[in-house]
Structures are given as C-alpha cells and as structure tokens.
Amino acid sequence: MIQLREAQQFVINQCPPLGQLALPLQEALDCVIGDSVVATESIPPFTNSAMDGYAVRSADTVGAPVRLAVIGSIMAGQVLNEDLAPGQAARIMTGAPVPGGADAVCMIEETDDHDEGRSVTIRREVRRGEFVRQQGRDVGIGDVVASAGTVLSPAHLGVLANQGVLSVLVHPHPHVGVLSTGDELYTGTGPLPPGKIRDANRHSLLALVRREGWNVTDLGIVGDDDESLRQRLTTAASTCDAIITSGGVSVGDLDLVRVVLDDLSGRTMRWMQVAIRPAKPLAFGLLADSGTPVFGLPGNPVSAMVSFELFARPALRAMGGHRSLHRPVVPAVTDVNLERRRDGKLHLLRARVSLDNRGGWHVETTDGQESHHLQSMSEANALILLPDGSGARAGDLVDVVVLGANDLTRDGAVVTEHDRQMTMS
Ligand code: AMP
Ligand code: MG
C-alpha cells in the first residue's frame, strides 16, 4: 500500500498548470492569474461626494448655522464647470464630482433650502474632507490590484473592470470528461433488468466537476470491453484536458480500465493501493499520445466521490494554476464514539460538521460507512480523518475535511452579538 500523501503527490506532479489564456472577465471567475495586474487608473477616478447634500468650503461653515448661495446642482455623471467662491455652495448627489473650491459635503438632512433652491442653510460646522471621497484613495496608479497567483473572486472582477480591463490572462479552468464503465450499468428508463444497476457515478462526478466551475463533457457509459474503452478514451483526449473514469480498477476479471490505461499510457500508468478506506484502488496515468491525465477512480459510488476529492480535485486545481490545492481541515469535537480497528489505513468517515454559537466545531458521522452507502454521503458535508488505531471517544478532537461550507451552523443562521443586543433592547 502507498500512503495518501505520496499518492496525491504522485498524481499532482503529473498535472502541471495549463497554459495561460486571455479570457473575458465574464468567464474568468475562480481562474488563477499568472501575472500581476497593475493599476493604470486611480480609483475613485475623481474626488466625489459620499452623500446627497451640498458641496461647501468648510471654512464657510465656521459658526454655523450659516446661509450660503447655491450656484448649481451636480448629479452623478455630471460636472460643474465653475469653482465655489467664498460664501457659495452647490447641491450635489452621491458620486458626483466635488467642484473646485469645495472641500467638504454637508449631508442634506442637516440643511434647509430657501428661495426655490437658490440658497441653503448649513445647520452645523462641517469638517474639511467630510463626506468627500478622495481621488485615488481606493487604488492609486501603479498599485498591484491582483498579484500573480490570485484566484479571481467576484470582487477582483469588479476591481479589474474598474481599471477598464475587459479580458485577463489566466490559467483556464480544465475541461474534464467523465466516463462510467461496467457491463452492469443500465441506461434505460424502465425497471431494472436482473443483475443491472443504474449509473450513479457519472452524475455525482459530473456535478463535482461542475461545482468547481470547470467545463465538463459527459462521456457516457462503456461496457467492460477493451476496444470500446480504448476508443472512448482516445477520442475524449482530443477535447478534454483530463478524463475521469469510474469502475474497472480493482482486481476483478473484467477490471479493464487499468489494463487499457496501462497500454494507452505506454506502461507508465501507476495502479495504486492507497492506504485509505474507502477509495483504496486508483489507476492514474497520462495517455501517451496526448499527455492527457486519466484518473481511474474506483466504481463504488462513495469511493468514486472520495477519490475525486482526494486525487482528482487537487490535481485538477493544479492544472488550473491554483497554489492551494486541498480542502481545509479543521479540528472538531466528535459528538459520538468513532470505533475502528487497526488495519494500516486512514479511514475517511462521512460526517456532518457544524459550528456551535461559540465558534466551536462539532462533528458526527452519518449513517452507513460502507463504500456503496451513497445515501450517507448525501447527508454528509465533511469527512472525518480517523488515523490508524483504535478510534476516538466522544469529546475527542478529530481532524475534519470540510466539503461544503453553506450549512455550518446548527440552526441555519449565525446569531451575532449584534442580533442578540437588538433582541434584548
Ligand atoms: P468495479 O470497480 O468496476 O468492480 O466496481 C465496484 C462496484 O461499484 C461494483 O459494485 C459496481 O457495480 C459499482 N459501480 C461501478 N460503476 C458504477 C456506477 N457508475 N454507478 C454505480 N455503481 C457503480
Ligand atoms: Mg466494473
């Protein structure tokens, strides 16, 4: 058996980043930029108002209330082609450029207008710079707005758009083909014929790929037939950056994926027995003709998903240029006893992790830990990493891989200190 870390490293090492490509911002979410982007424009591009109100010279408001003459009105998108002289103010809306001469804005709620808007009373003294957004305060020309290796978030896309950047050089998302194998897989819609099962893996794996934002091709199902498998993999390699298969990598008579992959990889494929449970067998190799990585995942539905998490996902992230490849692992208190026997393997238990309202992580297993218990995987949002040994007792700290972070609090909503104060008052 090979240890998990070593197997992961073996796979990741053969999945270098895809070459960079200029993509429109709309397609660049979660992509990694190869080179830093430097600002060529300052943000805000001009000094503007943070409030609806009146642009004033702060010195004029000393001894307020004071009455000022209103020389114009500036909406967002407009400019006032006149500077304020002493004793003057201009009506101004949020985002409109502060006119020359003005150095502060008084919010509308602290003013009274007179003479059909021709003059205004400023009720209190206004500090210099109040409610004024200075040009370049957010970003200055020459600032690095996204450094090399950045994973583009929605905010980064906005920051780039602010710079007038419409397309950006990134490592593209990998294009991944997903194939199911096995004579037992039934493609019809009617009742199952004897001995047949439905194809769960293709749907789970396609969804896991799609959830990363990557591009997918559904490669369908092939039976346990040497020639069809060979053909399907070879054809897929012309459009896919990587291929994921499930089934056919155990020691059974018709476990042909490892046989065909061994051949197509020019005998460089590695068939591994990883010291984990579930997902022990893994076949990984590069197709000799195209260099396309093929992840031969096990057929049992939970094994396939766990194997995707442990091997395919980090390696495909590496292809996308990511520097952080693995999911976060957090220490959590197990609320149940976790029993196991020594077998030389790291056990990955399907579990639900949650945060109590003091920020403590808790975890409990979901029902059914056999590798075909897909239902219990559907109830899990985490995997407990239970090292070789005799298990853990309720109350112990265990390491937990967080798979999904959308449902971490037990009551579905984070109750903040602010909420508590609001309810008490
Ligand atoms: P194999 O590795 O091909 O021997 O498959 C191991 C187990 O996974 C067998 O019980 C298969 O029937 C099952 N299996 C293989 N492929 C799928 C699939 N696509 N969906 C559901 N179960 C599968
Ligand atoms: Mg099979």
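The values are calculated or read from the model by the stated rules, or taken from the named source; none is laboratory data. This structure is a prediction, so every number in the text was calculated from the model and none was measured. Don't worry about glycine lacking a Cβ; one is built from the backbone with ideal geometry, like all the others, and counts go over all protein chains shown. When the accessible area is computed, the model is the full protein with side chains, heavy atoms only, and any ligands, DNA or RNA have been set aside. Shrake-Rupley method; radii C 1.70, N 1.55, O 1.52, S 1.80 Å.
For GLN135 and LEU408, a Förster radius of 30 Å and the Cβ-Cβ distance give a FRET efficiency of 0.15, rounded to the nearest 0.05.
Counting Lys and Arg as +1 and Asp and Glu as -1, what is the net charge of the other residues whose Cβ lies under 10 Å from the Cβ of SER307? Don't skip to the answer; put the middle values down first.
Numbers: positive: LYS280, ARG313; negative: GLU309.
Net charge around SER307: +1.
One-quarter of the Cα convex hull surface for the stretch 155-224, in nm²?
Working: hull surface 27.0 nm².
That works out to 6.8 nm².
Each of ASN357 and ALA76 was given a label point 7 Å from its Cα along the Cα-to-Cβ line. The distance between the two points is 3.7 nm. Counting only DSSP beta bridges with both residues in the chain, the antiparallel share comes to about 70 percent.
Phi-derived couplings, Karplus 6.51 cos²θ - 1.76 cosθ + 1.60 at θ = phi - 60°, listed residue by residue for the stretch 374-381: 6, 4, 6, 5, 5, 8, 8, 10 Hz, with x used for Gly and Pro.
On a per residue basis, the convex hull of the C-alpha atoms belonging to the stretch 42-102 measures out at 81 Å³.
Using a Förster distance of 22 angstrom, determine the FRET efficiency expected from the C-beta separation of GLU109 and SER425, and round it to 0.05. Don't skip to the end; give the middle numbers.
Details: r = 24 Å, r/R0 = 1.08.
Step by step, r from the Cβ atoms, then E = 0.40.
Based on alpha-carbon atoms, the Kirkwood radius and the radius of gyration of the stretch 277-394 give Rg/Rh equal to 1.02. If you take the alpha carbon atoms of the chain and fit the smallest convex hull around them, that volume is 216 Å³ per residue. At q = 0.16, 0.25, 0.32 Å⁻¹ the log10 of I(q)/I(0) for the stretch 97-151 amounts to -0.66, -1.08, -1.25, computed by Debye summation with a single uniform scatterer per C-alpha, solvent ignored.
Largest GNM mean-square fluctuation across GLU109, GLU339, GLU370, computed for the chain with C-alpha springs under 10 Å, falls on GLU109. Among the trypsin sites (Lys or Arg not before Pro) in the stretch 294-367, those located in a DSSP loop and surrounded by at most 15 other Cβ atoms within 10 Å of their own Cβ are ARG323, ARG341, ARG342, ARG358.
Taking the square roots of 5 times each eigenvalue of the Cα gyration tensor of the stretch 171-318, largest first, gives ellipsoid semi-axes of 21, 18, 16 Å.
Report the relative contact order of the chain, percent, no decimals, based on alpha-carbon pairs under 8 angstrom and at least 6 residues apart.
On the way: 960 pairs, mean separation 63.2, N = 425.
Relative contact order here is 15 percent.
Once the gyration tensor of the Cα atoms in the stretch 129-192 is diagonalised, the equivalent ellipsoid follows with semi-axes of 50, 16, 9 Å, ordered largest first.
Calculate the dipole size of the chain relative to its Cα centre from +1 charges on Lys and Arg beta carbons and -1 charges on Asp and Glu beta carbons; express the result in debye to the nearest 20. Before the final figure, lay out the partial values.
Values: 37 positive and 51 negative charges, 161 e Å.
Dipole size: approximately 780 debye.
One equal scatterer on each Cα of the stretch 199-253, no solvent, Debye formula: the resulting log10 I(q)/I(0) at q = 0.21 Å⁻¹ is -0.89. Note on the stretch 58-204: Kirkwood radius taken over Cα pairs, Stokes-Einstein applied at 10 °C and 1.306 mPa s, translational D equal to 75 µm² s⁻¹.
Kindly state, to the nearest 0.05, the FRET efficiency for ALA22 paired with THR217, given R0 = 25 Å and r defined as their beta-carbon distance. Write down the numbers at each step before the final one.
Details: r = 23 Å, r/R0 = 0.92.
That gives a FRET efficiency of 0.60.
Among residues other than GLY100 whose Cβ falls under 12 Å from its Cβ, what is the net charge (Lys/Arg +1, Asp/Glu -1)?
Values: positive: ARG57; negative: GLU82, ASP83, ASP103.
That works out to -2.
TRP214 contributes an accessible area of around 20 Å² to the protein surface, as traced by a 1.4 Å probe with all chains present.
In the stretch 218-351, a dipole from Cβ-located charges (positive for Lys and Arg, negative for Asp and Glu) runs towards its positive end, and of LEU264, GLY296, LEU325 it is LEU325 whose Cα lies farthest in that direction. Taking THR121, THR189, THR111 as the candidate residues, the one with maximal mean-square fluctuation in a Gaussian network model of the chain, Cα springs under 10 Å, is THR189. Ellipticity at 222 nm from helices only: DSSP H runs of n ≥ 4 in the chain, each -39500 (n - 2.57), divided by the residue count, give -5000 deg cm²/dmol. Largest first, the three principal axis extents of the alpha carbons in the stretch 1-135 are 86, 30, 22 Å in whole numbers. So what's the net charge close to ALA283: Lys and Arg +1, Asp and Glu -1, counting the other residues with Cβ under 13 Å from its Cβ? Net of charged neighbours comes to +1.
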